[in-house]
Amino acid sequence: MRRLLKFVFSFFLVGTAMWAVGQLLSRNFEGDSDPDADEFRVGAIVGGRQITSRAKALRLVSARVVMGGVDLDLREATLDPNGGHVALNVAAGGVRIAVPPTWMVVVADDVVGGTVDVDTTPPEDLPPDAPVLTVEATVRSGGVMIEAGELQQA
């Protein structure tokens, strides 16, 4: 019984230490980023983040996810006239990106042991001048879901 308690305590202690280090690394990666700025960074290392951006001219979002998850809602943001770019680096984690149905989403992915699912408005159903969001996803044992949808009014 004593060995079991020692194992459980050690397991809990190591898990807590990993979480604490992950939080520090996430904050270090993000710096003083503001999700309402036109360029910002998101880190989720051994943890999760839920971000809603209201950027007026969104150009760049960089996200690093390791053993964690990010829920990134861009439906209240406006893209830069030259388009926006999301750079994802995911390892053993997941990312969900919500975009307005009026955006054209172009995805370039490099996936090993994971998936990138895109459920957005087909390009042929959008006007030629639709705002363009480019998503560059590097995924290792994780997943990315990009979906279009309207905001729900309360």
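The values are calculated or read from the model by the stated rules, or taken from the named source; none is laboratory data. Remember, predicted model here, so these are calculated numbers, not experimental data. Backbone-built Cβ (ideal geometry, glycine too); neighbour counts: all protein chains shown.
Sort through A63, A87, A44, A55 and tell me the only one that's in a loop (DSSP other than H, G, I, E, B) and surrounded by 13 or more Cβ atoms within 10 Å (Cβ to Cβ). It would help to see each step written out before you state the result.
Working: A63 fails: in a loop (DSSP other than H, G, I, E, B); A87 fails: in a loop (DSSP other than H, G, I, E, B); A44 fails: in a loop (DSSP other than H, G, I, E, B).
So the residue among A63, A87, A44, A55 that is in a loop (DSSP other than H, G, I, E, B) and surrounded by 13 or more Cβ atoms within 10 Å (Cβ to Cβ) is A55.
Taking the range 9-18 as the search range and keeping residues that are under 21 Å from M67 (Cβ atoms) and among the hydrophobic types (A, V, I, L, M, F, W, C), which one is surrounded by the most Cβ atoms within 10 Å (Cβ to Cβ)?
Of the residues in the range 9-18, the ones under 21 Å from M67 (Cβ atoms) are 10-18.
With the extra rule that they be among the hydrophobic types (A, V, I, L, M, F, W, C), the set shrinks to 11-14, 17-18.
Numbers: F11: 10, F12: 10, L13: 10, V14: 10, A17: 11, M18: 14.
The selected residue is M18.
Here's the yes/no breakdown for (1) crowded, with 18+ Cβ neighbours inside 10 Å; (2) farther than 21 Å from Q23 by Cα; (3) out of contact with any Asp or Glu (no Cβ under 6 Å at 6 or more places or on another chain):
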{"residue": "R49", "(1), (2), (3)": "yes, no, yes"}
{"residue": "R96", "(1), (2), (3)": "no, no, no"}
{"residue": "P100", "(1), (2), (3)": "yes, yes, yes"}
{"residue": "M104", "(1), (2), (3)": "yes, yes, yes"}
{"residue": "D109", "(1), (2), (3)": "no, yes, yes"}
{"residue": "G113", "(1), (2), (3)": "no, yes, yes"}
{"residue": "E124", "(1), (2), (3)": "no, yes, yes"}
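Go through (1) outside any strand (DSSP E or B); (2) modelled with pLDDT of 95 or more one by one and return the number of the condition I97 breaks.
(1)
Only one of these conditions is not met by M1: (1) loosely packed, with under 14 Cβ neighbours inside 10 Å; (2) under 30 Å from T120 (Cβ atoms). Which number is it?
(2)
Go through the range 110-154 and report how many residues are acidic (D, E), under 15 Å from the mean Cα position of the chain (by Cα) and farther than 18 Å from G83 by Cβ.
At the first step, the residues of the range 110-154 found to be acidic (D, E) are 110, 117, 119, 124-125, 129, 136, 147, 150.
Subset that is under 15 Å from the mean Cα position of the chain (by Cα): 117, 136, 147.
Next, only the ones that are farther than 18 Å from G83 by Cβ stay: 117, 147.
Looking only at that region, the number is 2.
Name every residue in the range 125-145 that is in contact with a Ser or Thr (Cβ under 9 Å, 6 or more places away or on another chain) and either of a type in the set (D, E) or closer than 22 Å to A91 by Cα (or both), in order of residue number.
Those that are in contact with a Ser or Thr (Cβ under 9 Å, 6 or more places away or on another chain) and either of a type in the set (D, E) or closer than 22 Å to A91 by Cα (or both): V139, G142, G143, V144, M145.
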